[in-house]
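Notes follow once the structure below has been shown.
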Amino acid sequence: MPIQLDSFQEQAIEWIEKEHSVLVSAPTGAGKTLIAECAIDKALSRNENVIYTAPIKALSNQKYRDFRALYGEGKVGLLTGDVSIHVDAPIVIMTTEIYRNSLFSATNLGGSAALFGGENTGRIQKVGWVIFDEIHYLDDPERGTVWEEALLFTPLEIRILALSATAPNIKQLAEWIKLIHERPIAVVEEMHRPVPLEFLFQCQGRIMDNMARLKQEGYFNREDWRLSPRDRRRGVRPLRAKPNRLDHLLWHLIDKEKLPAIYFVFGRRRTEILAGEAGQFNFLSPEEYKQIRELYQTLLEKYDLTRERSADELRPLVERGIAYHHAGMLPTLKEVVEQLFTSRLIKVIFTTETFALGINMPARSVIFDELEKFYGTRFHHLTTRDFYQMAGRAGRRGMDERGFVYIRIHPNDITIPEISRIIHGKPEAIRSQLNTTYATLLNLYRDLGRKLLDIYPRTFHYFQSSDRNRREGYQSLERKLSLLEEMGYLTPHLPPPILGGGKEGGLTPKGEFAASLFGYELLLAEMHDEGILDALDEAKLNVLLSALIFEPRKGDHPVRLSSKNEAVLREVERFFRNIHRRESKYRIFPYTKPPHFNLAPVVEAWTQGESFEKLFRLTHTDEGELVRHFRMVIQLLKDLANAPNSSERLCVTARNAFRLINRGVVDAEKQLRV
């Protein structure tokens, strides 16, 4: 029986059939992936290749598994910082960062050289479509620049399919793409979700089925429980909030047949605590219990997890239809939990928000533990877009008439108007977060010299900015170029020959080396230039790269270092101080990130062959966080080994260090080949 398409899907597919670029904006769970599959089918029918980009590795990995099952293993490849599988396949899934970096490996920007850094110059000419999934990530403070540059430098001959959550300025984004590429791009917007949502609240210990009841019973007709200074002076006592019991909520979900449910929590440890509290329930029938026991054991054997302590700790919950899922878990154990959930045997999963990002795992109900999360520097109430990214997982298409969204409210934490803003407000506009890296500037300068400044008016940042902010944008680029010139990354500006043109300037050998090291370019290039990297053995090199990558959290303390690692720290801090001084001089913000050696003992031990479980005598870092960290070191090792002008000694050390660190649970390709 053919799938009944919604009108927005039909519109998008019609444009794709006409070989026309399309930007699709629709709610989470509306069916945007089906449109992507249509573009892939169209490309394959014309013997063209497809690139599918995603904002994070977890989503890239998930799409690789989904498309491999749909199109066959030989048709699908994956290219991320730590994984390279079937990259010559007609469909290649990659993180947006890898796609952006690979565009700069072309011999001319937006040109026709090899997309993957090889010598097959015909490959990019065979790419028919590039699919940007979750394109609203363009306004992510950390990753937005990568998205903007990836769009900006996509070759004109490649058609674009951009998939976005709903945003009020989606047509503005399309206008920018149309302007910079001088190509038409259709906009297809869908505001209605195929399965409507119903909002319920747990407040003052009761379940309330609408906002009106919440106002009357939860807040006692007060929009804000917090007392004003005048009330406090008059001696008015604050109203006492009653607890919202988890067991009451779970009994309600059982009685009203609202399971399965995804329970969103904004803290890794709390997912485990709440799952443990739910362990007093058994959500499974005897037959389901038998099925999940067998399936869990089979998956643990498949992913070599039978001896993992964390897998054993999860087992009692799994056998009751309960699970948790967060970034601190082993990637393979997260994969097991995802497969258990799609089997419909897990009835309640406690998870962080990454479970909502692009992974198609809906449930009948979604629960919010609270409406506040950490945004970069401090806690804020959720944006409307983030709220619906998660709430949109409620309601399974073809199975549920409606989805149910439960919000647990503590009146002292949030006001009624703020709750209303989150649920009923307009989704936030997509805003440029452009902050071009030194590596991007070096790649542009290689081909364009100072004419690279002419590219700034083509950016989304320029397109959205006032005249005053545009001057600041120009100045930021000029200051970074001046720093690069002063530090010896750019060749002198020579006048062009009398006959024939020619380009002004280029990159020094140090500049060429730095151009391929996005994010860590100055520190590594300076240390390489002075021969410091050549003097490091495999363990010290891994420790250094770990220090550049590590992001300390509040409450983290420096660790005691060995004398060898203390010497590495002193060297890198010397170079960091010099770079920081130059950036301060040129008023370049944000500064290059300082090194942090918090994981030095762990990285050193792993490089020297220590078993994974024994590493946790040296650190309190979560298992999954540690694996992710090692994989980021692996990505940098690959970059160093392949960087232009990288010394022969460094190439050998980087490759050896890669082999020593890329083993066991850290080996990402092993996990994906299972």
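Bear in mind that the values in this text are calculations on the coordinates, not laboratory data. In this text the structure is predicted, and so the values were computed from the model without any measurement. So basically every Cβ, Gly included, is an ideal-geometry build from the backbone, and we count neighbours across all protein chains shown.
The figures follow:
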| quantity | calculated |
| --- | --- |
| Label-point separation in nm, Leu34 to Asn642, each point 7 Å along Cα→Cβ | 3.7 nm |
| Segment 367-412: trypsin sites (Lys or Arg not before Pro) in DSSP coil with no more than 13 other Cβ atoms inside 10 Å | Arg402 |
| Qualifying trypsin sites (Lys or Arg not before Pro) for segment 575-627 [loop in DSSP, other Cβ within 10 Å: at most 15] | Arg587 |
| Label point distance in nm, Tyr591-Asp88, each placed 7 Å from Cα along Cα→Cβ | 4.8 nm |
| Kirkwood Rh in Å, taken over all unlike Cα pairs in segment 7-189 | 16.2 Å |
| Cross-link reach list, lysines versus Lys554, counting only Cα pairs under 20 Å and skipping chain neighbours closer than eight places | Lys373, Lys593 |
| Residue-span extension gain [Arg574 to Thr377] - 0.36 nm each, minus C-alpha spacing | 68.2 nm |
| Neighbourhood charge, 11 Å Cβ-Cβ cut-off, centred on Ser647 and excluding it, Lys, Arg +1 and Asp, Glu -1 | -2 |
| Ascending count of other beta-carbon atoms within 10 Å, so fewest first, for Phe374, Phe201 | Phe374, Phe201 |
| Neighbour-count ranking [beta-carbon atoms within 10 angstrom, fewest first] of Val603, Val568 | Val568, Val603 |
| Greater than 22 Å apart at Cα, pairs in Lys32/Lys171; Lys585/Lys638; Lys638/Lys670; Lys42/Lys63; Lys18/Lys42 | Lys585/Lys638 |
| Fraction of beta bridges assigned by DSSP in the chain that are antiparallel (%, nearest 5) | 15 percent |
| Percent of alpha-carbon pairs separated by more than 49 Å within the chain | 16 percent |
| At 0.890 mPa s and 25 °C, Stokes diffusion of segment 395-493 via Kirkwood alpha-carbon radius, µm² per second | 136 µm²/s |
| Segment 197-424 - Rg and Dmax from Cα coordinates, angstrom | 18.9, 66 |
| Label-point separation, Lys451 to Arg240 (7 Å along Cα→Cβ), nm | 7.6 nm |
| For peptides 623-635, 545-557, sequence by mean Cβ density within 10 Å, most packed first | 623-635, 545-557 |
| Lysines with Cα under 22 Å of Lys256, excluding same-chain neighbours fewer than 8 positions away | Lys347 |
| Net charge of neighbours whose Cβ lies under 13 Å from the Cβ of Thr440, counting Lys and Arg as +1 and Asp and Glu as -1 | -2 |
| Reach of Lys614 by Cα under 15 Å, taken over aspartates and glutamates that are not fewer than 8 positions away in the same chain | Glu308, Glu604, Asp622, Glu623 |
| Residue-averaged 222 nm ellipticity for the chain, from DSSP H runs of 4+ at -39500 (n - 2.57), nearest 500 | -13000 deg cm²/dmol |
| Stretch gain in nm, segment Glu257-Thr342, where the contour uses 0.36 nm per residue and the Cα spacing is subtracted | 28.8 nm |
| Equivalent ellipsoid semi-axes - Cα gyration tensor, segment 509-673, angstrom | 25, 19, 15 |
| Taking Trp606, Trp15 and counting other C-beta atoms within 10 Å, the order from fewest to most | Trp15, Trp606 |
